[in-house]
Amino acid sequence: MAVTRDEVVRTAIRLLDEVGLDGLTLRRLAGKLHISAPTLYWHFRDKRELLDAMAEEMVRRQREAEPPIPEDWPWDEQIAESMRRQYRAILAYRDGARVMAGNRPTDASLPVIEHYLARWMEIGFPAHEALATILSMGDLIVGAALEYQAEMERVRQQGKEAQQEVWEKMKAYPNLHAAARQRAARVAHDGHYDSFEHGLSLLIAGLRQRHAELMAQREMATA
């Protein structure tokens, strides 16, 4: 029985969680599917195209696992929550950030992007500015997730002893040591969303300011 594209993607995601991105080879994936490696090229031109489809499926699963974002929320809160959900979608998978990094939209995701872009334009952002902002948001999400997952891998490989050595060295630098202690306290309180949430708060504050500028310009143009 022929293997479908969806089966390939689902199996690839399961294999990703088992062996990580470096271990996810097309040959190994073909073995899991009990097909020959060349058969995969009927569905995907190369591994990069497969990763694009995997990234799309990861986000789709997260979107379906949570209730829709309330339409009556303020626009900035809707955007912030949408970013948080994408971030959670990445962290839900081993090496999820590396899968997402450099991905491009598949044909199936283009209608979703079109709808999302239209919402930004309804809010008042010009199309080109909305797209640039969406891409910048994606950079923050993937970058923060990549750093978090890389740090977790470092802890797994080196253990907490290596972290303690860094703490000891920082004691010679009072400002750095105090800042690091304060940050660690916040991470302990808020969890691993610390850096991401900080960047998100700055981005949303900037968006509010830019939106106010655009609305003022529109009022002046129609006065």
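Worth pointing out:
- Reachable lysines from residue 169, criterion Cα separation under 16 angstrom, eight or more residues apart if same chain: 160
- Per-residue ellipticity at 222 nm, computed for the chain from helices alone with -39500 (n - 2.57) per DSSP H run of at least four residues, works out to -25500 deg cm²/dmol.
- Protein accessible area in the chain, 1.4 Å probe - carbon and sulfur %: 56
- Taking trypsin sites (Lys or Arg not before Pro) as exposed when their DSSP state is a loop state and no more than 15 other Cβ atoms lie within 10 Å, the longest site-free interval of the chain runs over 46-170.
- Averaging Cα coordinates gives a centre for the stretch 122-169 and one for the stretch 1-50; these two points are 27 Å apart.
- Using the empirical formula 2.2 N^0.38 Å as the baseline, the Cα radius of gyration of the chain reaches a ratio of 1.23.
- With both labels modelled 7 Å from their Cα along Cα-to-Cβ, the residue 122 to residue 184 distance reads 4.7 nm.
The values are calculated or read from the model by the stated rules, or taken from the named source; none is laboratory data. Here the structure is a predicted model, which is why all the values come from computation and not from measurement. Note: ideal-geometry Cβ built from the backbone for every residue, glycine included; neighbour counts use all protein chains shown. Protein only, heavy atoms only, side chains kept; ligands, DNA and RNA dropped before computing areas. Shrake-Rupley method; radii C 1.70, N 1.55, O 1.52, S 1.80 Å.
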